[in-house]
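Written out below as structure tokens is the structure these notes cover.
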Amino acid sequence: MKEAAIRELKLLEVRRMAADSLRLRRRELEVDALVPGGYHYDNTPVMGGGSDPQERLIHTIDRCDALQKKETALREMVDQTERAISALLPRHRTVLAALYVQPKSNPITWLQAHLYLSRTQVYRVREEALIQFAMLMGHGI
């Protein structure tokens, strides 16, 4: 359960960046579909779909649809994780962010100083936060 929660937290930024990358790639394909004659401005051929403009357009639309589906799935995962994080107590959010989402250098020491906790208390809060996050994500106990 906690392992799954940690994996979700560590993947949050990766999924967010991947979704952004897919959106940019889809936009590039949409622009490529509008380039007359199947060539970019730098005279390199547009990939996929052959030389027939209609065939190339259909191919590009199919690829854009596939990228849109992947991006939507990733955004849904990101949204689910962010909703679960936002439902946590501020102290829990801070601990999980410092340890897993956007890891700090020497996070335990940073958390001790930032939250005014002992080392033992930081680990206790981490356990509470992971259990709560896992339950919110539907990973069960």
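Miscellaneous remarks
- Tally of residues being surrounded by fewer than 14 Cβ atoms within 10 Å (Cβ to Cβ) and at pLDDT below 90 across region 59-71: 1
- Restricting region 101-126 to residues that are farther than 30 Å from residue 21 by Cβ and buried (at least 17 other Cβ atoms within 10 Å of the Cβ) leaves a set whose member that is nearest to the chain's Cα centre (by Cα) is 126.
- You will find that of 125, 35, 95, the residue that is at pLDDT below 95 and aliphatic (A, V, I, L, M) is 35 and no other.
- Some residue of region 5-12 being surrounded by 14 or more Cβ atoms within 10 Å (Cβ to Cβ), touching a Lys or Arg at 6+ places or on another chain (Cβ under 8 Å) and at pLDDT below 95: no
- Of 134, 98, 129, all but one fail to be touching a Pro at 6+ places or on another chain (Cβ under 8 Å) and surrounded by 14 or more Cβ atoms within 10 Å (Cβ to Cβ); the exception is 98.
- Residues being assigned to a helix (DSSP H, G or I) and either under 18 Å from residue 10 (Cα atoms) or touching a strand residue (DSSP E or B) at 6+ places or on another chain (Cβ under 6 Å) (or both) - total across region 92-110: 12
- Matching residues in region 59-113 - criterion: being of a type in the set (Val, Ile, Thr) and in contact with a Gly (Cβ under 7 Å, 6 or more places away or on another chain): 60
- Looking across region 99-141, just one residue is among the aliphatic types (A, V, I, L, M), under 15 Å from residue 82 (Cα atoms) and free of Cβ contacts under 8 Å to residues at least 40 places away in the same chain, and that is 135.
The values are calculated or read from the model by the stated rules, or taken from the named source; none is laboratory data. The shown structure was predicted, so the numbers you read here are calculated from the model rather than taken from an experiment. All Cβ positions, glycine included, derive from the backbone under ideal geometry; neighbour counts span all protein chains shown.
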